[in-house]
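First comes the structure, then the notes that go with it.
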């Protein structure tokens with residue numbers, strides 16, 4: 001597979017988001033199936049694996065560490081802190097955003113142990129804790145670099161202004177946020193800021209949480225634990241409107257001689273050589289399909305029609321509900 005650059009690392013054009021092997025989309029696959037996906041990705045040439053302390057409240061890092069430890073020199077490892085599972089007084093574990101320096105240090109130590117590695121190549125602040133100045137959180141992460149526990153720093157779901165503040169404290173290697181045909185928020189300001197500062201852009205949910213795979217025709221079938229069940233675009237008010245986009249989208253994929261998922265990923269790859277999508281999957285077959293997007297070529301005319309068909313004006317609903325929107329620091333298009 002061809003490569004793209006994230007700071008000092010040359011990584012595969014398409015990486016692997018490991019989240020849904022342990023988290024977020026209903027009942028996760030077995031550990032054995034998760035291991036098959038991870039090893040198939042490595043065998044296929046994927047050299048960027050993305051996880052986080054939050055995913056499965058540590059289970060995802062544990063899986064990645066156990067399966068990929070023997071191959072650690074072959075890939076770039078990214079993880080995230082500043083948002084993790086915390087056990088409350090009632091014994092239940094809940095997601096907590098905590099950007100205090102002591103929390104970030106603790107998250108990193110826990111991640112290193114679960115990942116069975118001495119160093120994390122790219123360590124993101126998963127969410128900016130708005131109660132803590134970004135300079136304080138990034139300052140604590142910079143000390144992790146000085147201590148040799150992480151090699152480079154990243155940010156997730158932040159605005160261009162916050163990126164600039166963070167970058168003034170310590171060089172930021174990558175910014176990660178949701179980006180796909182149906183979530184174009186990075187185009188407001190973040191992509192320009194990344195290019196100005198030399199920061200790579202990592203696109204998560206690049207196939208629109210499965211929507212652009214043409215695989216979910218009835219959102220009412222979603223598992224109650226599936227995070228999409230709380231996302232406005234998938235609710236009964238908006239999802240039927242969004243489904244109307246699929247026939248035209250599938251026709252464009254057929255014209256490009258690729259699958260719908262490949263078209264979504266190829267569009268991102270055509271947006272710039274500094275953009276690295278990290279689709280996630282629980283299926284080896286779907287993994288191989290996704291990686292095939294690196295070979296898809298789209299002409300300017302088809303790209304223009306694609307962007308005219310799916311964009312902030314044609315997609316119905318916010319990407320997050322009100323609570324989740326309050327937790328991110330990104331420029332947003334109106335729904």
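Each value in this text was obtained by applying a stated rule to the coordinates, not by laboratory testing. Note that the structure is predicted; figures quoted are calculated from it, not measured. Cβ: placed from backbone, ideal geometry, glycine included. Neighbour counts: every protein chain shown.
Take the conditions (1) touching a residue at least 40 places away in the same chain (Cβ under 8 Å); (2) loosely packed, with under 15 Cβ neighbours inside 10 Å; (3) not in a strand (DSSP E or B); residue 95 misses just one of them, which is (3).
Scanning segment 211-221 for residues that are within 12 Å of residue 26 (Cβ to Cβ) and either outside any loop (DSSP other than H, G, I, E, B) or more than 21 Å from the chain's Cα centre (by Cα) (or both) gives a single hit, 221.
Scanning segment 118-131 for residues that are farther than 24 Å from residue 199 by Cβ and in contact with a helix residue (DSSP H, G or I) (Cβ under 8 Å, 6 or more places away or on another chain) yields one hit, 118. Please work out which residue is nearest to the chain's Cα centre (by Cα), limiting yourself to segment 325-335 and to residues that are assigned to a helix (DSSP H, G or I) and exposed (fewer than 15 other Cβ atoms within 10 Å of the Cβ). Step by step, filter segment 325-335, then rank; the result is 325. Within segment 2-35, the residues that satisfy the criterion of being surrounded by fewer than 17 Cβ atoms within 10 Å (Cβ to Cβ), in contact (Cβ under 8 Å) with a residue 24 or more places away in the chain and in a helix (DSSP H, G or I) are 31, 33. Being farther than 28 Å from residue 175 by Cα, free of Cβ contacts under 8 Å to residues at least 24 places away in the same chain and surrounded by fewer than 19 Cβ atoms within 10 Å (Cβ to Cβ) is a description that applies to residue 220.
Only residues that are in contact with a strand residue (DSSP E or B) (Cβ under 8 Å, 6 or more places away or on another chain) and surrounded by 12 or more Cβ atoms within 10 Å (Cβ to Cβ) were counted across segment 67-92, and they come to 13. Within segment 298-323, if we keep just the residues that are free of Cβ contacts under 8 Å to residues at least 40 places away in the same chain and loosely packed, with under 15 Cβ neighbours inside 10 Å, the residue that is nearest to residue 30 (Cα to Cα) turns out to be 323.
Is it true that some residue in segment 41-52 is part of a strand (DSSP E or B), surrounded by fewer than 21 Cβ atoms within 10 Å (Cβ to Cβ), touching a helix residue (DSSP H, G or I) at 6+ places or on another chain (Cβ under 9 Å) and touching a residue at least 60 places away in the same chain (Cβ under 8 Å)? Checking segment 41-52: not a single residue is part of a strand (DSSP E or B), surrounded by fewer than 21 Cβ atoms within 10 Å (Cβ to Cβ), touching a helix residue (DSSP H, G or I) at 6+ places or on another chain (Cβ under 9 Å) and touching a residue at least 60 places away in the same chain (Cβ under 8 Å). Assessment of segment 226-235 against the conditions (in a loop (DSSP other than H, G, I, E, B), surrounded by fewer than 18 Cβ atoms within 10 Å (Cβ to Cβ) and without any contact (Cβ under 8 Å) to a residue 24 or more places away in the chain) yields no matching residue.
With respect to the conditions (1) in a loop (DSSP other than H, G, I, E, B); (2) free of Cβ contacts under 8 Å to residues at least 40 places away in the same chain; (3) crowded, with 16+ Cβ neighbours inside 10 Å, residue 175 falls short on a single one, namely (1).
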